[in-house]
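Working notes, structure below.
The numbers here are math on the coordinates, done by the rules we state, and not lab data. It should be emphasised that the depicted structure is a prediction, and the values quoted were computed from it without experimental measurement. With ideal geometry, Cβ positions are generated from the backbone for all residues, glycine too; neighbour counts draw on all protein chains shown.
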Amino acid sequence: MSAYIVYDNAPLGSLIRYSDGTPKPPARFTRKLADWERRNGLGRLVRKAPPRNRPTYSAPASITLNEGNFSSRGIILVTVMCSHSVDSALSFEIVERPAIGMVRVLQQVGDDDELLHLAESRDAAELWLAKTGYRNARLEDVTADEVGADVVEGRAAA
């Protein structure tokens, strides 16, 4: 499926796989493998940005995936994020949607929401929020309506 379908149908917190369709090269080809890994991966959907039209430029809608964190002694040092525009040539797949009862910790970034954390319960989300100290974050429950969006127009969305 295209990034546009992910943008329209996947809720924040979904696990998204993207690929260019080429086979993975053998590990001995380190440069080819590194290049392939840049175009093929897995990440959690943390942001959906609408199209932007400015007097000097315009940008299509985009999705941002959190591909992982590098940490030391329990402290996150680097977060790897990757943004894809909806007109990307890559193919995307919704691997997993957040389950009913999970709680998103969201922060307002400009006009958009950004997912900071996806917790198993409200108690876990409140504990995470207290530990990290985000002041402007809010909690949002995953509802049955979002999970029910697995079927779109009579066919499976993921």
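Points worth noting:
- Candidates are the residues of segment 1-13 that are of a type in the set (A, V, I, L, M, F, W, C) and not in a loop (DSSP other than H, G, I, E, B); the one that is nearest to the chain's Cα centre (by Cα) is VAL6.
- Restricting segment 13-51 to residues that are within 23 Å of VAL105 (Cβ to Cβ) and β-branched (Val, Ile, Thr), the residue that is surrounded by the fewest Cβ atoms within 10 Å (Cβ to Cβ): ILE16
- Qualifying residue in segment 14-21 (condition: within 22 Å of ASP113 (Cβ to Cβ) and either in contact with a helix residue (DSSP H, G or I) (Cβ under 7 Å, 6 or more places away or on another chain) or assigned to a helix (DSSP H, G or I) (or both)): yes
- Residue within segment 42-55 that is β-branched (Val, Ile, Thr) and closer than 23 Å to LEU127 by Cβ present: yes
Conditions (1) among the hydroxyl-bearing types (Ser, Thr, Tyr); (2) surrounded by fewer than 13 Cβ atoms within 10 Å (Cβ to Cβ); (3) under 13 Å from the mean Cα position of the chain (by Cα), marked per residue:
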residue: ASN53; (1), (2), (3): no, yes, no
residue: SER72; (1), (2), (3): yes, yes, no
residue: SER88; (1), (2), (3): yes, no, no
residue: ILE94; (1), (2), (3): no, no, yes
residue: PRO98; (1), (2), (3): no, no, yes
residue: HIS117; (1), (2), (3): no, no, yes
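- Residue within segment 75-84 that is within 29 Å of GLY21 (Cα to Cα) and buried (at least 17 other Cβ atoms within 10 Å of the Cβ) present: yes
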